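Working notes for the structure below.
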Amino acid sequence: SQELEQSPQSLIVQEGKNLTINCTSSKTLYGLYWYKQKYGEGLIFLMMLQKGGEEKSHEKITAKLDEKKQQSSLHITASQPSHAGIYLCGADTNTDKLIFGTGTRLQVFP
Amino acid sequence: KAGVTQTPRYLIKTRGQQVTLSCSPISGHRSVSWYQQTPGQGLQFLFEYFSETQRNKGNFPGRFSGRQFSNSRSEMNVSTLELGDSALYLCASSFGGEKLFFGSGTQLSVL
């Protein structure tokens with residue numbers, strides 16, 4: 001099984017709706033990173049969370065880290081077509097490399 | 001500051017051939033990591049180089065190799081290509097290995 005599970009695998013929402021993507025690790029988290037990817041392109045850094053309970057926001061995207069539950073959530077408020085893409089979480093589990101979840105494909109329709 | 005540059009952007013090869021991909025990190029970054037991305041497996045870590053030394057390695061066969069030059073530029077090589085090697089190969093650089101900045105990737109198709 002994957003060390004880092006993301007849910008849901010895909011999401012289709014109407015523009016203006018809120019949505020949440022979850023990322024759960026089977027190992028202790030020392031850092032959690034959120035990236036966005038357009039199909040066939042590189043990953044764009046969104047946010048980094050390092051402390052339990054930490055919450056960060058950028059424009060309409062908020063990410064939280066629950067260290068005890070070994071999970072993070074990414075919340076998008078009032079989604080727009082520009083939010084469409086693949087969202088990936090990357091985890092630092094103290095193995096000197098980032099491991100990634102399989103991603104959540106988000107589609108936003110007008 | 002220029003971002004991470006990967007070349008070529010697209011590559012088509014046939015089984016049995018070998019391929020070399022190139023990555024130029026962000027200026028000042030000394031760590032370069034390589035990842036393979038496929039629809040079925042997601043992002044899989046290949047290896048990381050720091051100051052010309054391989055610092056970490058994923059679970060890939062020996063056909064996958066890499067190196068880093070004194071200017072931090074990195075190359076990865078895949079020999080004896082197989083159909084299953086078709087993937088998006090992503091390079092990422094960082095100052096010390098934590099927050100990664102990714103290139104646009106090289107899309108490799110093996111026929």
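The values are calculated or read from the model by the stated rules, or taken from the named source; none is laboratory data. The shown structure was predicted, so the numbers you read here are calculated from the model rather than taken from an experiment. Because the Cβ atoms are built from the backbone with ideal geometry, glycine has one as well, and the counts that use them run over all protein chains shown. Heads up: the accessible areas ignore ligands, DNA and RNA and are worked out on the full protein's heavy atoms, side chains in. Shrake-Rupley method; radii C 1.70, N 1.55, O 1.52, S 1.80 Å.
The figures follow:
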| quantity | calculated |
| --- | --- |
| Extension gain from A:ASN18 to A:PHE109, taking 0.36 nm per residue of separation minus the Cα-Cα distance | 31.5 nm |
| Environment charge of B:GLN17, counting only residues whose C-beta is closer than 15 Å and scoring Lys/Arg +1, Asp/Glu -1 | +1 |
| Heavy-atom surface of the protein assembly as shown, accessible at 1.4 Å and reported per residue (Å²) | 49 |
| Counted charge near A:ILE61, where neighbours are those whose Cβ lies closer than 12 Å (Asp, Glu -1; Lys, Arg +1) | +2 |
| Neighbour net charge for A:ALA78 - beta-carbon separation under 14 angstrom, K R +1, D E -1 | 0 |
| Cβ-Cβ FRET estimate between A:GLU54 and B:SER86, R0 fixed at 41 Å, reported to 0.05 | 0.60 |
| Buried accessible area, chains A and B (both chains, 1.4 Å probe, Å² to nearest 100) | 1400 |
| FRET efficiency, B:LYS57 to A:HIS75 (Cβ-Cβ, R0 35 Å, nearest 0.05) | 0.50 |
| The protein assembly as shown, accessible surface, carbon-and-sulfur percent (1.4 angstrom probe) | 47 |
